[in-house]
Amino acid sequence: MAGQGHAIRPLVAGNWKMNGLNASLDEAVSVRDALSGPLAAMNADVMVAPPATLIASFAAAVAGSSLRIGAQDCHAKPSGAHTGDIAAEMLKDAGASAVILGHSERRADHGETSAEVKAKAAAAHRAGLVAIVCIGETQGERAAGATLNVVSRQLKNSLPDGTTAANTVIAYEPVWAIGTGLTPTPSDIEAVHTAIRRDLSESVGEEGAKMRILYGGSVKPDNAAALMAIPNVNGALVGGASLKARDFLAIVRAYEGR
Ligand code: PGA
């Protein structure tokens, strides 16, 4: 049952990326207010990951509500001479409860390897943050029929010792689906999520059956319900559609009653 994902509490996480300079707190407050109403009883966790500069103010604004605040990256070390970087402990101190790691934009823009993602995930665990570890194939890898191999390798190489269902979430994000309006077919998503579930059981044992596997890449209000109905899809990592409270809440509502 847990292996099918039905017993797993979903997570809907908004990744704001490098957006949110103007009026952004209003959007977060709208989500907070909606969640403190009828959605409070829903069976899902909801998180917004703004740029690092907004974490502390957002965390203060949502204190006492069910909305959680996440970060988008961290350094592997707890402190030191690393100009421009932010330690997981600092994110925790600012009010974050989770951190997105190994997003394909970081793997592409900053050359992050799975080994680095693994070290960052260990840092997140050390600091008491949930690590949201992103994996996914490029268009070329999919065309070459390498999707399952790529995803399996990234997963295996990105998870540190001590990974549990409580401290780690997997996000499957096909690179070609991010920000493009394209999504894989439901059966393609199911095939990848089922393979991830199997790989997780091999690498982290029983914890793998309970771990959340999010789908990310062009999740919108009009496809959220269909995506969340796919076996082993335990939530969503939402980019563009998370910037507007209305759209993000419409996606969150697709998980109501799950
Ligand atoms: P998107 O981004 O929803 O805008 O496709 C998803 C992500 O990058 O996490």
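Extent of the range 91-182 along its three principal axes (Cα atoms, max minus min coordinate, largest first): 42, 26, 23 Å.
Taking every Cα-Cα distance in the range 147-225 and sorting them into 5 Å bins starting at zero, the pair-distance distribution P(r) comes out as 3, 15, 27, 23, 16, 12, 4, 0 percent. About its Cα centre, the dipole of the chain is roughly 240 debye, where the only charges are +1 on Lys and Arg Cβ and -1 on Asp and Glu Cβ.
Using only Cα atoms, locate the centre of the range 101-163 and the centre of the range 210-241, then give the distance between them in Å, rounded to an integer. Cα centres, the range 101-163 to the range 210-241: 18 Å. The alpha-carbon of Lys210 sits under 18 angstrom from the alpha-carbons of these aspartates and glutamates, leaving out residues fewer than 8 places away in its chain: Asp45, Asp161, Glu190, Asp199, Glu202.
Applying a threshold of 18 Å to the alpha-carbon distances of Lys77/Lys156; Lys92/Lys120; Lys120/Lys156 flags Lys77/Lys156 as lying beyond it.
Translational diffusion of the range 39-167, estimated by Stokes-Einstein from the Kirkwood radius over alpha carbon pairs at 4 °C in a medium of 1.567 mPa s, is 83 µm² per second. Between Val46 and Val12, Arg68, the built amide H atoms are under 5 Å apart, and every one of these is 5 or more places off in sequence or on another chain.
Here Ser36 and Arg126 are evaluated by their C-beta separation; at R0 = 25 Å the FRET efficiency comes out at 0.20. The phi-based Karplus calculation (6.51 cos²θ - 1.76 cosθ + 1.60; θ = phi - 60°) puts the 3J(HN,Hα) values of the range 213-226 at 10, 8, 9, x, x, 6, 6, 10, x, 7, 10, 4, 5, 5 Hz, whole numbers, x for Gly and Pro.
Calculated mean residue ellipticity, 222 nm, the chain: -11500 deg cm²/dmol, from DSSP H runs (n ≥ 4) at -39500 (n - 2.57) each, averaged per residue and rounded to 500. Once the chain from Asp109 to Ala143 is taken as fully extended at 0.36 nm per residue, the excess over their C-alpha distance is 10.0 nm. Pairs of C-alpha atoms in the chain farther apart than 34 Å represent 9 percent of all such pairs. Relative contact order of the chain: 23 percent, from C-alpha pairs under 8 Å at least 6 residues apart in sequence.
The phi torsions of the range 176-188, fed into the Karplus equation with coefficients 6.51, -1.76 and 1.60 and a -60° offset, translate into couplings of 6, 9, 7, x, 10, x, 9, 9, x, 5, x, 6, 5 Hz, rounded to whole numbers, with Gly and Pro shown as x. Computed extension gain for Ala63 through Asp161, at 0.36 nm per residue and net of the alpha carbon distance, reaches 32.1 nm. Taking GluC sites (Glu not before Pro) across the range 196-258, the ones in a DSSP loop with at most 15 further Cβ atoms lying within 10 angstrom of their Cβ are Glu206, Glu256. Using the Cβ-Cβ distance between Ala7 and Glu202 with R0 = 22 Å, the FRET efficiency computed as 1/(1 + (r/R0)^6) comes to roughly 0.60. In order along the range 45-61, the phi-based Karplus estimate (6.51 cos²θ - 1.76 cosθ + 1.60, θ = phi - 60°) of 3J(HN,Hα) comes to 9, 10, 9, 10, 10, x, x, 4, 5, 9, 4, 5, 5, 5, 4, 5, 5 Hz; Gly and Pro are listed as x. Between Asp188 and Ala52, the contour length at 0.36 nm per residue exceeds the alpha carbon distance by 45.6 nm.
Bear in mind that the values in this text are calculations on the coordinates, not laboratory data. For clarity, every value in this text was computed on a predicted model and none was experimentally measured. With ideal geometry, Cβ positions are generated from the backbone for all residues, glycine too; neighbour counts draw on all protein chains shown.
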